[in-house]
Structure formats: structure tokens, C-alpha cells
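First the structure, in the form of C-alpha cells, and then the observations on it.
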Amino acid sequence: MILGVIEDLTSDAFLGGLLQISQPRRGYRAGVDPVLLAASIAAKPGQSVLELGCGVGTAILCLGRRIPGLALTGVELQADYAELARHNANANNLPLRVITADLRALPADLRQQRFDHVLMNPPYFDRDTGTPAADPGRDTALGGATPLADWIDIGARRLAPQGYLTLIQRIERLPEALAALQGRLGSIVIRPIAGRSDRAPGLFILRARQEGRAPFRLLPTLVMHQGAAHDADKDSYTAQVVQILRNGADLPMAC
């Protein structure tokens with residue numbers, strides 16, 4: 001038990017063991033998605049980064065491990081997950097300020113700040129159409145009450161001039177995301193993500209820029225696995241994905 005917050009935890013290795021993350025055994029558990037999100041952020045030492053809905057800190061700590069010297073801030077609604085994010089930052093010796101707050105009611109001092117990068121992994125499912133998960137923490141992470149458009153609006157407001165907003169989301173919500181960006185951010189880049197080369201993308205990573213004027217770009221699809229089907233006896237990740245997940249390589253958001 002960590003600080004009396006959640007009793008049943010696991011300690012999981014990310015980036016080939018460069019990062020150890022404590023997370024609930026039965027609540028929302030981070031997988032590869034936050035690692036891919038972090039890998040897509042082209043931050044530079046000395047820049048400021050904000051993650052909205054940071055959970056136990058997996059994405060922003062992966063970024064902090066890959067790129068030293070960043071000023072990291074995370075916002076998390078659920079107090080027990082926020083406390084785990086603080087614990088994980090301390091355990092990995094990474095500087096992360098975690099604010100427990102609803103992103104729709106950010107503290108006044110945070111509303112005065114602007115960041116070079118804002119990243120987010122909003123709930124994948126629309127609460128109005130989905131079935132709630134049994135675990136409250138998992139339910140909030142997968143289908144929170146805040147609409148995707150609000151996530152994007154709030155993130156855009158926290159960007160510094162020429163700052164980047166980056167998110168990962170299910171492919172069917174791409175039109176919703178693009179509509180929310182209309183008239184707000186530009187230089188939009190999309191990286192589709194597919195499980196295998198013969199399958200349609202199921203996820204996408206989107207990057208947009210404050211005051212960006214570059215034309216829209218659709219990048220080649222990131223393919224996660226080799227072969228046509230899962231083989232329990234083999235590691236089927238493609239070479240590029242192996243480099244990202246285990247060696248902390250970046251995922252370029254440019255051709």
C-alpha cells in the first residue's frame with residue numbers, strides 16, 4: 001500500500017525497465033498507448049509540459065525519462081491516482097508537479113500558466129453511449145464526463161505561442177477532434193495506429209500547433225504487430241514499436 005491510497009498495486013516496467021510505475025491491479029492500467037503518446041512529443045530540454053488527465057503518471061514520466069530537463073506538470077481528477085503519480089515521480093527521481101483537480105475547474109495559478117506542450121489521453125468512450133466499468137477508477141479513465149471537445153479547448157487555452165497540443169484517441173472520434181480544433185489550432189498532423197498491416201487503424205495520434213499555418217498532414221500508419229495473428233510464444237511487435245516501447249525511441253510526427 002502506498003500512503004494508504006490504493007491497497008492492491010503492481011509495479012510495472014516501462015521503457016525496457018528505465019521506468020517503474022506503480023498502478024492499481026484492478027483499476028485503470030496503463031498499457032502501450034501512453035508510451036506511444038509520450039514518444040510522439042518532440043520536446044526540448046528546458047521546455048514546459050502539461051498533461052491533462054495524467055492518471056498515475058505513465059505518459060508524462062515516460063517523456064521525462066526520454067528527455068531530461070523538462071518542467072513537468074500533471075492534472076488528475078482522481079485523488080488516489082494523483083497520489084500514485086506523485087509516488088511514481090519520486091520513485092523514478094523525476095520532477096513532476098501533480099495537481100488534483102477537475103480539468104474544467106483548474107486552479108487559478110495554473111490558468112495563468114502557458115506550456116510549450118500539452119498532452120492528453122482523453123477517455124476513449126463517450127459516457128452517453130458506453131456501458132460503465134465496474135471499477136470507478138477505470139470507468140472514469142475510459143469514459144469520463146468531460147466531452148472530448150472540452151479537453152481540446154482546455155488544452156488549447158494552456159498553450160504558449162507556437163506550442164503543441166498532442167493527444168491519442170480512438171479512430172472513430174477523429175472527426176470530433178478535428179471539429180474541436182477548427183479555428184483554434186493549426187498545422188494538424190495525424191498518425192494512424194493499426195494493430196497489424198492488414199487491419200484498419202484503431203487509434204490515432206494528433207498533433208496541432210498554436211498559431212500553426214502548415215497544411216494538414218496524414219502520416220503513414222504505425223503498425224504495432226508483425227504477422228497476421230497473435231502467437232503467444234513470440235514477441236510480435238514490429239521493430240519500430242520495439243524501439244519505442246523498450247528503448248525509449250521517439251515516434252516522429254513528421255515524414
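Listing for the model above:
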quantity	calculated
Only one of Gly163, Gly155 that is touching a residue at least 60 places away in the same chain (Cβ under 8 Å), open to solvent by less than 20 Å² (accessible area, probe 1.4 Å) and not in a loop (DSSP other than H, G, I, E, B)	Gly155
Qualifying residue in the stretch 54-71 (condition: touching a Pro at 6+ places or on another chain (Cβ under 6 Å), open to solvent by less than 20 Å² (accessible area, probe 1.4 Å) and in contact (Cβ under 8 Å) with a residue 40 or more places away in the chain)	yes
Hey, Arg213 in contact (Cβ under 8 Å) with a residue 24 or more places away in the chain, open to solvent by 80 Å² or more (accessible area, probe 1.4 Å) and part of a helix (DSSP H, G or I) or not	no
Answer from Asp8, Asp102 - the residue that is over 24 Å from Pro192 (Cα atoms), open to solvent by 10 Å² or more (accessible area, probe 1.4 Å), of a type in the set (D, E, K, R) and modelled with pLDDT of 95 or more	Asp102
So Gly16, is it in contact with a helix residue (DSSP H, G or I) (Cβ under 8 Å, 6 or more places away or on another chain) and within 23 Å of Ile152 (Cβ to Cβ)	no
Of the criteria (1) touching a residue at least 60 places away in the same chain (Cβ under 8 Å); (2) part of a strand (DSSP E or B), which one Gly74 fails	(1)
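The values are calculated or read from the model by the stated rules, or taken from the named source; none is laboratory data. From a predicted model like this one, the values you see are computed outputs, not experimental measurements. Here Cβ is always computed from backbone atoms with ideal geometry, including for glycine, and neighbour counts include all displayed protein chains. Heads up: the accessible areas ignore ligands, DNA and RNA and are worked out on the full protein's heavy atoms, side chains in. Shrake-Rupley method; radii C 1.70, N 1.55, O 1.52, S 1.80 Å.
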